[in-house]
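I have placed the structure first, in the form of structure tokens, so that the comments after it can refer back to it.
The values are calculated or read from the model by the stated rules, or taken from the named source; none is laboratory data. None of these values were measured; they are calculated from a predicted model. Quick reminder, even Gly has a Cβ in these numbers, built from the backbone with ideal geometry, and neighbours come from all protein chains shown. These area figures cover heavy atoms from the full protein model, side chains too; ligands, DNA and RNA do not enter into them. Shrake-Rupley method; radii C 1.70, N 1.55, O 1.52, S 1.80 Å.
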Amino acid sequence: QVQLVESGGGLVQSGGSLRLSCVASRNILSINTMDWYRQAPGKEREFVAATTGGGERNYADSVKDRFTISRDILRNTMYLNMNNLKPEDTAVYYCHAFTSRNYWGQGTQVTVSS
């Protein structure tokens, strides 16, 4: 079982930056794929970025070149560095991990004002 706790959300102006963190309750070396999703009001949850234990990274087209996903093995933490934020990035951001089943964090709100 894995508990995931996100933090780092907040209110930022357009063009600003934030760093989200996701702390896992166990060694993330045992979790092959960890990723970030987001859900804006009235919209479905969508994929943002993923990282694998092998170091692969994938991004949604809408965030490519602005967001960077990374892992800190020693801290059992996954990060999402978000630069040049836009109002359309406003959403609740969720950390996700898959081992034998899906695990989700509680979400952290990101609001980008224009």
| So who's got an amide H within less than 5 Å of the one on ASN32, skipping anything under 5 residues away but keeping other chains? H placed 1.01 Å off N, in plane. | none
| note | Placing one equal point scatterer on each C-alpha of the stretch 23-94 and summing with Debye, one gets log10 I(q)/I(0) at q = 0.12 Å⁻¹ equal to -0.33
| request: Provide the per residue accessible area, probe 1.4 Å, for the chain, rounded to a whole number of square angstrom. | output: 53
| request: Amide H neighbours of GLY16 under 5 Å, at least 5 residues apart or on other chains, H built in the peptide plane: list them. | output: LEU85
| query | Taking a point 7 angstrom from the Cα of ARG66 along the C-beta vector, which residues in the stretch 72-103 have backbone N less than 19 Å away? | reply | 79-95
| field | DSSP-defined antiparallel bridges as percent of all bridges, the chain, nearest 5 | value | 90
| Under 12 Å from a point 7 Å along the Cα-to-Cβ line of GLN3: which residues of the stretch 80-114 have their amide N that close? | 106
| request: Using packing as a proxy for protection, rank 26-36, 10-20 so that the peptide with the highest average count of other Cβ atoms within 10 Å comes first. | output: 26-36, 10-20
| Once phi is turned into ³J(HN,Hα) by the Karplus curve 6.51 cos²θ - 1.76 cosθ + 1.60 with θ = phi - 60°, what whole-Hz value does each residue of the stretch 97-114 show in order, with x for glycine and proline? | 9, 10, 10, 8, 7, 7, 10, 10, x, 7, x, 9, 7, 10, 10, 10, 8, 8
| remark: Whole-percent carbon and sulfur contribution to the accessible surface of the stretch 42-114 (1.4 Å, no ligands, DNA or RNA) stands at 44
| Residues whose placed amide H lies under 5 Å from that of LEU4, excluding near-sequence neighbours | none
